[in-house]
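Here the structure comes first, spelled out in structure tokens, and everything after it is commentary.
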Amino acid sequence: MGTAIKQVLFALVAAIGLAGVPARAAYPDKPVKLIVAFAAGSSTDIVARLVADQLQTTLGVTVVVENKPGAGGNIATQQVMNAPADGYTLLVHSVAYAVNPSLFANAGYDASKDLQAVAMAAVTPNLIYVHPDVKAANLAELLALAKNGQLSYASSGNGTTTHLGAEWLFRSLAKVDITHVPFQPAAATNAVVSGQVPVASTSMPPAVPFVKSGKVRPIAVMSLRRSPQLPEVPTVAELGYPGFEANTWFAILAPARTPPAVLDQLNAAINKALSAKAVLDRFDALSLEAQRGDRATTHRYIDSEVLKWGKLVKDIGVKIE
């Protein structure tokens, strides 16, 4: 049998064999699930649902939001980490994703290996503010007041970046002794509004309405640049502590072995969702800033946050069993 005839026969056999193999469906061809690390109504949950609404149109499939709160977000992280790496189960988490591996004795995951960054969704600066009766109009006066007497501050909870950022500023950098009083996020703001605690460090969403109504006085934002929501409030960095940054951010992640092509498709779809007017308007009302960027940039930023907060947790000596 000639070489040419053999090649034709081989080609026919291969074609017949392939004809019996179903073609792999293009992604996505079934519902996508967003596992949220915190309870319904939390900032993380709100971000997830806003993005999900837009993703349904972009991806052309149902996007389901499922809340799995517990252990500071570790339960949801472990669930997604162990899910099939096919792009159909994603994690929506906060900056706690970067903090928890150093904060918990066993968070149950390695932030740099067990999941991949898909996209950064939103960020909001943490904010230092005081009750109007506090005799401090700026950060220098607040630090002087802390040095000269007993002051306490409320945060959004032990191990949050509102707690760690305040400890970094007050104790590590300014060397002042100020007592930490942990609360739930909204309760921390209410504690200052009511005069129960004189100072607070929280993210901006619970505080901004009270800043605008004059019920609390803003001192400084913890981002590297001023917030569009409170452009008159200076940053900690510009007040003598260059490089200081303590934000609350929200990101979307996927199991580690998810195919790059699927991750790129999701990244483009999420970035498109974050450009929608409905999302931008709602974010603005909540003092959130949409973040749009590629996967590599998001991955590098999260890795840098893991290192930064890991060092601070160690330096401050905070631990959760």
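The values are calculated or read from the model by the stated rules, or taken from the named source; none is laboratory data. All values reported here derive from a predicted model rather than from experimental measurement. Here Cβ is always computed from backbone atoms with ideal geometry, including for glycine, and neighbour counts include all displayed protein chains.
Of the listed requirements (1) within 26 Å of S155 (Cβ to Cβ); (2) in contact with a strand residue (DSSP E or B) (Cβ under 8 Å, 6 or more places away or on another chain), I75 misses just one: (2). Would the stretch 242-262 turn up any residue that is more than 25 Å from H131 (Cβ to Cβ), in the same structural domain as V63 (by TED's automatic domain parsing) and touching a Lys or Arg at 6+ places or on another chain (Cβ under 8 Å)? Yes, the stretch 242-262 contains at least one residue that is more than 25 Å from H131 (Cβ to Cβ), in the same structural domain as V63 (by TED's automatic domain parsing) and touching a Lys or Arg at 6+ places or on another chain (Cβ under 8 Å). Of the helices (runs of 4 or more DSSP H) contained entirely in the stretch 69-183, those carrying at least 3 residues that are surrounded by fewer than 17 Cβ atoms within 10 Å (Cβ to Cβ) fall at 139-148. Across the stretch 31-75, the number of residues qualifying as more than 26 Å from D264 (Cβ to Cβ) and of a type in the set (G, A, S) comes to 8. Of all residues in the stretch 301-321, those being farther than 24 Å from A174 by Cβ and under 15 Å from the mean Cα position of the chain (by Cα) number 4. Scoring T162 on the criteria (1) out of contact with any Phe, Trp or Tyr (no Cβ under 9 Å at 6 or more places or on another chain); (2) over 24 Å from G317 (Cα atoms) leaves a single failure, condition (2).
Criterion applied to R217, R225 was being of a type in the set (K, R) and crowded, with 17+ Cβ neighbours inside 10 Å, and the one residue passing it is R217. Out of all the residues in the stretch 225-252, which are part of a loop (DSSP other than H, G, I, E, B) and more than 22 Å from T44 (Cα to Cα)? Once the filter is applied, which keeps residues that are part of a loop (DSSP other than H, G, I, E, B) and more than 22 Å from T44 (Cα to Cα), the stretch 225-252 yields R225, R226, P231, E232, V233, P234, V236, G240, Y241, P242, G243, F244. Just checking, does the stretch 253-264 include any residue being aliphatic (A, V, I, L, M), in a strand (DSSP E or B) and either out of contact with any Leu (no Cβ under 9 Å at 6 or more places or on another chain) or closer than 20 Å to N74 by Cα (or both)? Yes, the stretch 253-264 contains at least one residue that is aliphatic (A, V, I, L, M), in a strand (DSSP E or B) and either out of contact with any Leu (no Cβ under 9 Å at 6 or more places or on another chain) or closer than 20 Å to N74 by Cα (or both).
Scan the stretch 112-121 and give yes if some residue there is modelled with pLDDT of 95 or more, touching an Asp or Glu at 6+ places or on another chain (Cβ under 8 Å) and of a type in the set (A, V, I, L, M, F, W, C), otherwise no. No, the conditions are met nowhere in the stretch 112-121. Counting only residues that are of a type in the set (G, A, S) and closer than 12 Å to V92 by Cα, which one in the stretch 44-68 is surrounded by the fewest Cβ atoms within 10 Å (Cβ to Cβ)? Top of the filtered list is A52.
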